[in-house]
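Notes follow the structure.
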Amino acid sequence: MNRKILLTGWGYPPEIEGGLDIHVYHLFQELKKKGLDVKLALPEENAPEREDIISVETGDGDMTWKARKMSAEIAKKAQDFDIIHTNDWFGAEAGYKTSKHSETTWISTIHSLASSRTYSGSEKIEKLEKVATEEPDKLIAVSEGLKQDLERKFSAEASVIYNGFSQPSSTGKDVKEELDIEEDMIFFVGRHAEQKGIEHLLYGFKKFLDNGNEASLVIGGDGHLRRPLENFAELLGIDGKVYFTGFIPSKELGDYYREAEAFVSPSINEPFGLTITEALESGTQVLATESGVNELIQTEAVTEIRPESGSIAQGLENAVEKGPMPEYESRSWSEMAEEFVELYREVN
């Protein structure tokens with residue numbers, strides 16, 4: 001395929017903020033391996049110096065301001081490409097301007113909606129989401145659940161391409177020894193935000209302990225709710241059993257997953273759930289609310305729970321009593337990228 005493709009992203013290892021950045025990184029690498037003529041546009045503060053990466057000046061301001069400035073620059077460059085492939089709301093203006101002023105085809109992938117990431121939402125971002133879902137030549141969602149959300153909210157018709165599964169790196173360090181944990185270890189990692197349902201996990205963990213179980217809960221990651229969550233653990237009287245580690249370097253994530261008896265994803269809304277795949281690939285028991293991973297594997301490898309303390313407590317009871325993890329069919333990033341290659345062929 002001789003088409004020139006411009007992929008847009010935001011973060012790039014080691015400067016990543018979430019699943020979208022991981023998705024874009026793997027898609028870019030896999031497309032290169034498959035011999036496609038692809039370049040990646042990133043904000044200058046996150047862009048490594050490489051010939052195939054376009055560094056875009058964003059200036060000072062919040063993420064919305066930076067995204068608008070970045071979009072204006074990308075729209076100028078994208079007219080030299082056959083396809084511009086954007087991700088989420090921050091690529092909306094770049095995709096829209098490019099498609100309106102050139103023959104370039106616009107593909108938009110949506111990973112999550114602002115209304116699912118926070119209770120308050122953002123009117124500015126939701127307007128850009130509307131553009132990113134209603135205006136592209138082809139719209140992609142990372143799960144069937146998200147596809148249905150897009151149809152309900154924007155009456156936009158999307159196709160589904162699931163993410164690949166991530167194998168977390170490991171250094172071999174003994175996490176339990178480092179944290180002085182002798183009993184079972186329960187693990188969560190992710191942004192400390194409303195979407196992730198961590199308060200339900202804390203309350204569910206308290207109920208689990210109140211039922212006579214012995215365990216420690218390790219909560220990795222960071223975010224604006226970290227301090228309130230630490231206060232909540234103290235209020236519940238479980239702060240002696242809960243460890244807030246802060247940011248965990250990607251090279252150490254596998255150490256945490258492999259030491260845990262169970263990984264819990266208590267999200268209120270989880271369009272896909274890359275941390276779930278990391279836990280599965282580490283051989284760790286997984287409890288998770290509804291997610292794209294659950295849709296994809298549809299086996300008992302993931303114990304489905306509700307974002308509610310009683311359901312989480314019961315799920316933890318079942319997890320510590322469970323035998324070997326059931327088999328499941330993994331999915332590589334190469335398989336995901338191949339579906340995008342087919343899409344690029346179709347739209348041109």
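Coordinate-derived values only; no laboratory data. Since we're looking at a predicted model, the values are computed, not measured. Backbone-built Cβ (ideal geometry, glycine too); neighbour counts: all protein chains shown.
What Kirkwood hydrodynamic radius, in Å, does region 46-154 give when the mean of 1/r is taken over all pairs of distinct Cα atoms and then inverted?
The answer is 14.5 Å.
Can you list the residues, at least 5 places off or on another chain, whose amide H is less than 5 Å from the amide H of Lys4, using H built in the peptide plane?
Asp82, Ile83
Where does each of 281-288, 46-53 land if you order them by average Cβ count within 10 Å, highest first?
Those peptides, ordered most packed to least, come out 281-288, 46-53.
In what order do Phe28, Phe205 fall by count of nearby beta-carbon atoms within 10 Å, going from fewest to most?
Phe28, Phe205
I need two numbers for region 1-86: Rg to one decimal and Dmax as a whole number, Cα atoms only, in Å.
Spelled out, the Cα radius of gyration and Dmax of region 1-86 are 12.4, 39 Å.
Check Asp184: other-chain or 5+ apart residues with amide H under 5 Å from its amide H, H built from backbone geometry?
Close amide H contacts, sequence-distant or interchain: Ser216.
In whole percent, what relative contact order does the chain give with Cα contacts below 8 Å and a gap of six or more residues?
Answer for the chain is 15 percent.
When the helices in the chain are scored as -39500 (n - 2.57) per DSSP H run of 4 or longer and the sum is shared across all residues, what 222 nm value do you end up with, to the nearest 500 deg cm²/dmol?
Rounded to the nearest 500, the figure is -12500 deg cm²/dmol.
Can you give me the pair-distance distribution of region 175-321, C-alpha pairs, 10 Å bins, whole percents?
The calculated distribution, bin by bin, is 12, 47, 36, 4.
Could you give the length gained by full extension between Ser170 and Glu123, i.e. 0.36 nm per residue of separation minus their alpha carbon distance, to one decimal place?
12.9 nm
Could you tell me the ratio Rg/Rh of the chain? Both radii from Cα atoms, Rh via Kirkwood.
That ratio equals 0.98.
Taking the chain as a Gaussian network, where each spring joins two C-alpha atoms under 10 Å apart, which residue of Asn211, Asn269, Asn163 fluctuates the most?
Asn211
Take the alpha carbon atoms of region 251-273, find their center, do the same for region 59-104, and report the distance between the two centers in whole angstrom.
33
Could you go through region 220-235 in sequence order and give the Karplus-derived ³J(HN,Hα) for each residue, using 6.51 cos²θ - 1.76 cosθ + 1.60 with θ = phi - 60°, rounded to whole Hz, and x for Gly and Pro?
Along region 220-235, the couplings run x, x, 7, x, 5, 9, 4, 4, x, 5, 4, 5, 5, 4, 5, 4 Hz.
Mind checking which of Thr171, Thr275, Thr299 has the largest fluctuation in a GNM of the chain, springs on alpha carbons under 10 Å?
It is Thr171.
Select from His224, His26, His192 the residue whose mean-square fluctuation is largest in a Gaussian network model of the chain (Cα-Cα springs shorter than 10 Å).
Highest fluctuation of the listed residues: His224.
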